[in-house]
1. Sort PHE184, PHE4 so that the residue with the fewest other Cβ atoms within 10 Å of its own Cβ comes first and the one with the most comes last.
2. When only Cα pairs under 8 Å and 6 or more residues apart are kept, what is the percent relative contact order across the range 1-98?
3. Could you give the dipole magnitude of the chain about its Cα centre, charging the beta-carbon of Lys and Arg +1 and that of Asp and Glu -1, in debye to the nearest 20?
4. Once R0 is set to 30 Å, what does the formula 1/(1 + (r/R0)^6) return for the Cβ-Cβ distance between MET174 and GLU109, expressed as a FRET efficiency to the nearest 0.05?
5. Starting from the Cα of ALA70, step 7 Å along the direction of its Cβ; do the same at ALA256; then give the gap between the two resulting points in nm.
6. MET206 to ALA159: extension gain in nm, 0.36 nm per residue of separation minus the Cα-Cα distance?
7. Restricting to Cα pairs below 8 Å that are 6+ residues apart, what does the relative contact order work out to for the range 170-249? Please round to a whole percent.
8. Among the trypsin sites (Lys or Arg not before Pro) in the range 99-139, which ones are in a DSSP loop with at most 12 other Cβ atoms within 10 Å of the Cβ? Mind listing them?
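Each reported figure results from applying straightforward, stated rules to the coordinates on display, with no laboratory input. These numbers come from a predicted model, not from an experiment. Every residue, glycine as well, gets a Cβ built from its backbone with ideal geometry; the counts of neighbours run over all protein chains shown.
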Amino acid sequence: MDKFIVIGERIHVISPEIKEAIGTRNPAAIIARGKVQLEAGADYLDVNIGPAERDGVEIMKWIVPELQRALDNAPLVLDTVNQDAIRAGLEAYNPAKGRAVVNSADAGERISNLDLAAEFGAISIGLLMKKGVPASNDERNEYLQTILEHAMEAGMDPAEDVWFDPLTLVIKGMQEKQEEFLEFIRVLKEMGLKSTCGLSNASNGMPKHVRPVVDSVLCAMSIECGLTSAIMNPTDKALMDTVKTSEIVLNRTLYADSFLDI
């Protein structure tokens, strides 16, 4: 059984500190956030530069090598809707410690990101949506088939080259949709496909003290259903302890009294 993959979410242009660092091309704050996440147990770092319509190419050409040089070629998830910027990031990427991940292709206008990932030997996240939130698991399955077909036509192995995201939905306002989300993770597991999600999206809008509890519980439930990776906050110790304990309970790692300290 493969290790659960933790993708650090904290290099995000929505953060004023990261936005300023990108705008001034000062990598110190970005590198510091990356280092903290890797030390906390992240396997990948998500680098979210937002839409970056005007200067996305230049940002990716700068940020990818800066991060990898400073962090021993840590593997990255390149996160933007700007496809030209994704290409620039892939061209600058060093795969010595792991393949790049494109975030993301979907079943609509961004499906061509699968072709881009295939061209560079990268992994792609396959977001199970087209326009807006999927109304049901039947709709998720329709999008899954579309992405599967396109990935195979591009020469990708869907079981290894695509991480499928069934789309984490906000609990506050979409509580009745959570069981379907978990059920579809099971569907992906049964098909032998890898999965991922933006874990903290589910707790958006909740009080600050509630969010870590919700994220930890959803994480454990999702791992039991078969989730193989998540974009999450690795500096949340309770959340990381949940991942480690889930792996112990599912007999994926060997128990020791000190397992939470490893």
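1. On the way: PHE184 23, PHE4 20.
Result, fewest neighbours first: PHE4, PHE184.
2. 28
3. About 700 debye.
4. 0.80
5. Label at ALA70, label at ALA256, 3.2 nm between them.
6. Computed gain between MET206 and ALA159 is 13.4 nm.
7. About 34 percent, as a whole number.
8. On the way: sites: ARG99, ARG110, LYS130, LYS131; in loops: ARG99, LYS130, LYS131.
Listed in order of number, the matching sites are LYS131.
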